[in-house]
Structure formats: structure tokens, C-alpha cells
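The values are calculated or read from the model by the stated rules, or taken from the named source; none is laboratory data. For clarity, every value in this text was computed on a predicted model and none was experimentally measured. Cβ placement follows ideal geometry from the backbone for every residue including glycine, while neighbour counts extend to all protein chains displayed. Accessible surface areas use protein heavy atoms only, side chains included; no ligands, DNA or RNA. Shrake-Rupley method; radii C 1.70, N 1.55, O 1.52, S 1.80 Å.
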Amino acid sequence: MKKEFKFQFILCCIITTLLIFISTKIQFTFDFSKNKVYSLSEYTKEIFSSVDSSIKIQWIRSKSVNNYLARIKYVEILLNQFAQTNNCIFEIVDAETLSSTALNSLQLYPEQFTSTSQNSQTNTTVYSGLIIEYKGLTKIIPYIFDVQNLEYTITNNVFALIQDSENTFDKRQIYILTFPNALQEDYMYLLPFLEYENIICKIVNDEDISQLDPSIPLVVIGSHFLTDEQIAEVDNFLQAGGNAAFFVSGNSIAVNGNWAVTPKTNDKLISLLADYGFIIGNDLLVDIFHFPLNMMSEDGRTNQVIQYPYWIRINPEQVDIHQSFFSGYNTLQMFWPSSLDLNISADKTLQPVIITSTQAKRLIENIITDPFLFSENDISNITKNSYMLAATSTKDRKLFVLADEYFLSRCIEFTNSDTNIQTFVSICQWLLGNENILYLKNKQSIMPAFKTFEDQSTLKNKILFARILNIGLVPCIIICIAIFILFSKRNMREKK
């Protein structure tokens with residue numbers, strides 16, 4: 001008996017040792033995340049399988065990056081998924097093996113970390129970037145420290161490399177029409193974001209307005225600068241089936257002054273959009289969800305937080321999340337938006353995609369936009385309602401209209417709303433027909449934002465229900481189980 005026990009013990013140890021050895025050589029991973037964040041989509045696999053030459057992906061990373069960023073392991077998991085696709089060569093390059101000159105030439109953006117000990121403070125620079133090569137062409141992703149949008153970023157760059165190798169880069173072109181110097185001043189963030197996403201911008205000037213190609217999407221920002229000739233050419237462009245996006249307000253705001261509002265009258269672009277079913281109002285909207293401004297007090301001595309309802313925040317439940325350009329959606333920030341109505345008789349495909357909450361109010365006259373002078377009491381008698389801010393049309397072409405031309409302006413510096421620009425890039429991708437790539441943005445590993453409540457009584461009722469559930473119901477269940485076990489044991493003893 002003792003010999004048999006010893007034999008079983010030795011056999012068990014051998015099997016355990018073999019399993020440990022095999023586990024170090026063969027690794028199995030299972031992706032249980034909701035949107036398969038750590039697995040490649042079929043669309044990405046199809047792109048890699050469709051090429052006639054190898055795609056090389058180099059991950060240049062510091063050895064110490066794992067010590068500072070635990071989430072970097074998820075980056076490695078996803079990159080290994082690319083390594084298993086057809087026509088992909090994947091390798092990891094230690095940043096320490098490259099000279100500082102080489103790292104600078106690659107324009108990789110490092111992350112800085114500070115560690116403090118009892119007697120000293122140490123600053124550490126770590127790198128994590130990608131180099132993608134295809135047929136002698138190269139794309140560099142200067143920083144990768146998280147898995148968010150990683151598949152989208154890589155696939156989008158690979159797609160651009162394929163187009164460049166086939167000389168079909170014109171499929172990534174868009175026109176931008178706005179007032180002079182706007183892209184260098186008021187809208188200075190647009191071009192860098194578009195360039196990073198491999199979208200090629202053609203800025204429309206007065207002399208080339210008559211040469212718009214309907215196969216290239218058009219983006220128009222603002223309206224006051226447009227001449228009769230430009231309006232006619234935009235109309236011809238739309239009549240020819242060109243895709244377009246318009247960011248136009250019903251009012252002009254003195255952004256660099258006292259924020260005074262001037263209603264637009266006889267605006268030719270607003271009249272043109274009305275012909276296509278988009279009716280932009282000469283009003284301003286305020287809403288319960290808005291941005292709290294941190295401003296210097298009027299006496300110039302202290303800072304104060306001012307609730308400014310003209311800067312409307314758009315939560316997830318206020319957008320049509322099924323639209324591809326809202327993939328990976330995050331909260332948006334509006335700046336003095338106007339209302340938008342739709343004339344369905346002009347176009348039955350018109351569809352709202354952004355709305356306010358049901359607590360919004362529409363201001364038409366005697367509008368006070370000065371943060372220090374605005375008072376809720378002044379608008380207390382205005383009826384609350386839900387209003388439309390943006391809509392689309394898919395009749396013969398793709399059209400997107402947002403009644404806020406300041407949505408893309410430097411106002412985002414006050415609110416850190418870079419998601420506005422990211423959504424703008426997604427709208428451009430939508431106009432270009434890249435919906436399949438956009439859907440990759442839905443593969444998010446972060447927790448979604450908490451649901452917002454327009455009615456505070458609804459929120460209080462849900463909090464009360466949660467408290468009753470945790471304080472009352474859960475203990476009752478535990479007590480009932482204990483009583484059940486007690487009586488069961490008593491019955492068993494009585495039967496014996």
C-alpha cells in the first residue's frame with residue numbers, strides 16, 4: 001500500500017512538472033471581453049490576407065515599460081494577434097539597442113515617469129511605438145501605451161499604405177472650405193488630426209471653387225464668408241452627388257470679445273441648406289447638461305465657477321450611437337449651438353443624429369451670453385423641450401449638418417474636448433466610405449460613462465432603490481438562507 005502511494009505521488013509530481021513545462025512553451029489566451037477588444041476583427045484579417053506582399057510591424061519599446069504600465073501587456077496580446085495573420089511579419093525591438101539619434105529620427109514620443117526613493121528622485125523615459133512597412137513605404141505610430149483604438153490605428157495605417165502603393169491615395173482626399181486663415185487660427189487643430197489619420201486635405205480657395213470634384217467629399221465650416229459664386233458652386237457640387245458636411249450656426253458669436261450674439265440674416269448657405277431640408281434657426285439653445293466655466297471674477301482677484309448653459313454637453317443617450325461616425329463615442333461639447341429642424345417633404349432620408357436633453361430651452365430674443373450677467377431666472381418662463389442639433393441625409397449622397405460652427409474651434413482648449421475633433425475625423429471617414437474601419441473604434445475596453453439623468457427625482461428614486469436593495473434585501477436573503485440551513489439540520493437530527 002505504501003509503495004503504491006509513493007508511486008502515485010511520484011507520478012503526480014512528474015505530470016505537474018510536465019504541465020508547467022508545457023505551459024511555458026504553449027500559451028492559450030481567451031478573449032471574453034464584450035467587443036472582443038483583444039482579438040482581431042474579420043475585416044482586419046481580410047485586409048492583411050488581400051495584399052500580395054508582406055506587411056512588417058516593428059514594436060519599438062523600452063524593456064522597462066512593463067514596470068511602469070501594467071496595461072502594456074494587453075498591447076502585446078493584441079500585437080501577437082497581428083503576428084498570427086497572413087502576410088504579417090512582427091518583431092519586437094528593444095529601444096535600448098537604438099541610439100538617441102535613431103529614436104529622434106523616428107519621431108517616437110516617449111512617456112516620462114518619476115520614481116522617488118528615500119534620498120533621491122529618478123526620471124525614466126520609456127518608448128512604445130510602431131513602425132509599419134509595406135512595399136518600401138512606411139508609417140510610424142509614435143506612441144502606443146494602451147490597447148484603446150489600437151486595431152483601428154494599425155488597420156487604418158495599413159489601409160493607407162496599400163492605397164499609397166497602388167497610387168489610389170486620392171480616395172483619402174477631402175475639400176475644406178472656410179474663411180481665410182481659419183485653419184491656422186480658429187480651427188488650428190483640424191489639419192494635424194486629419195494628417196495623423198492619413199486624410200489628405202485640399203483647402204479650397206476662391207480661384208479653384210469652380211473645380212470641385214464630386215468624388216471628393218466637401219467640408220464647409222462657417223457661412224458668413226461665402227460669396228454668391230461659392231454658394232452656386234457648392235449647390236452644383238451637391239447636385240452632382242458630392243458628399244458633404246456642414247458646420248454652420250444660426251448666429252455669429254464675438255468669440256474674441258464679449259461673446260455677444262448677432263443673428264445671421266439673409267445667410268446664403270443657411271438658405272441653401274434649407275432647400276435640402278436642413279433648417280437652421282436664428283436662436284441659441286441652453287440645456288441642463290453644460291460646461292462649468294472656471295473664470296476670473298469681475299474684480300480680477302479670485303476664480304469662480306460659473307454654470308454656463310450655452311456650452312451644451314452631449315451625453316451618449318443623446319446621439320444615434322448606431323451611426324458609424326459615433327463608433328467609440330465619448331461625450332461631445334457644443335458651443336452656442338442653434339436649433340435644427342428637418343423638412344421631411346424635401347428629403348425622406350433626413351435623420352436626426354444629435355439632440356439635446358428634454359430640459360433644453362430655445363432663446364430667440366434678448367439673449368444674454370455674458371457668463372457674469374446670465375441668470376436662470378431670466379429664462380424661467382421658457383418651455384423646456386428637446387431640440388435637434390445635427391442630422392444626416394443619405395439621398396443620392398451623404399450629408400451631415402451640425403448647427404454649431406464653433407464645435408471645431410479653439411474653444412475646445414477651455415473644455416479639453418479633443419473628442420470633438422476626433423468625431424470630426426470620423427465624419428470625414430464616413431464621407432469617404434470607410435465605415436468598416438470606423439466600426440473598429442467600438443472595441444473599447446474601458447467602462448462606459450455612467451448614465452445621466454435629466455430628472456433629478458428619477459436619480460433619487462434609483463439611489464433609494466439601490467440602498468433598499470443593499471441594506472434590506474441582501475441581509476434578508478442571507479438570514480433566510482441561514483434559517484433554512486438551521487431547520488434542515490434540525491430535521492435531519494430528528495429523523496435520526
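A few remarks follow.
- Enumeration of residues in the stretch 351-373 that are in contact (Cβ under 8 Å) with a residue 24 or more places away in the chain, of a type in the set (D, E, K, R) and farther than 20 Å from residue 295 by Cα: 361, 362
- Of the strands (runs of 3 or more DSSP E) contained entirely in the stretch 306-405, those carrying at least 1 residues that are closer than 26 Å to residue 429 by Cα fall at 340-342, 351-355, 388-393, 399-402.
- Among the residues listed as 220, 234, the single one being assigned to a strand (DSSP E or B) and farther than 30 Å from residue 154 by Cβ: 220
- Inter-residue pairs, beta-carbon under 9 Å, first free of Cβ contacts under 8 Å to residues at least 24 places away in the same chain and in the stretch 215-243, second β-branched (Val, Ile, Thr) and open to solvent by 10 Å² or more (accessible area, probe 1.4 Å), 6+ apart: none
- Residue selected from the stretch 184-193 under the condition closer than 15 Å to residue 407 by Cβ and not aromatic (Phe, Trp, Tyr), by the criterion most open to solvent (accessible area, probe 1.4 Å): 188
- Reported count of residues in the stretch 406-425, each being part of a loop (DSSP other than H, G, I, E, B) and hydroxyl-bearing (Ser, Thr, Tyr), is 3.
- The listed residue being among the aliphatic types (A, V, I, L, M), open to solvent by 10 Å² or more (accessible area, probe 1.4 Å) and closer than 28 Å to residue 376 by Cα, out of 319, 286: 319
- Taking (1) open to solvent by 10 Å² or more (accessible area, probe 1.4 Å); (2) closer than 30 Å to residue 50 by Cα; (3) assigned to a helix (DSSP H, G or I) in turn, residue 213 satisfies each apart from (3).
- Evaluation of residue 173 against (1) closer than 19 Å to residue 401 by Cα; (2) open to solvent by 10 Å² or more (accessible area, probe 1.4 Å); (3) touching a strand residue (DSSP E or B) at 6+ places or on another chain (Cβ under 6 Å) (one fails), failing number: (1)
- Filtering the stretch 322-353 to residues that are surrounded by 20 or more Cβ atoms within 10 Å (Cβ to Cβ), touching a Pro at 6+ places or on another chain (Cβ under 9 Å) and of a type in the set (A, V, I, L, M) leaves only 340.
- Failed condition for residue 293, given (1) in a loop (DSSP other than H, G, I, E, B); (2) at pLDDT below 90; (3) open to solvent by less than 30 Å² (accessible area, probe 1.4 Å); (4) not basic (Lys, Arg): (1)
- Count of residues meeting criterion [of a type in the set (Phe, Trp, Tyr) and more than 11 Å from residue 132 (Cα to Cα)] in the stretch 45-68: 2
- Within the stretch 44-80, restricting attention to residues that are hydroxyl-bearing (Ser, Thr, Tyr) and in contact with a strand residue (DSSP E or B) (Cβ under 9 Å, 6 or more places away or on another chain), the residue that is surrounded by the most Cβ atoms within 10 Å (Cβ to Cβ) is 62.
- The one condition in (1) exposed (fewer than 15 other Cβ atoms within 10 Å of the Cβ); (2) over 20 Å from residue 46 (Cα atoms); (3) touching a Lys or Arg at 6+ places or on another chain (Cβ under 6 Å) that residue 89 fails to fulfil: (2)
- Within the stretch 105-117, considering residues that are of a type outside the set (Val, Ile, Thr) and farther than 16 Å from residue 138 by Cβ, the one surrounded by the most Cβ atoms within 10 Å (Cβ to Cβ): 110
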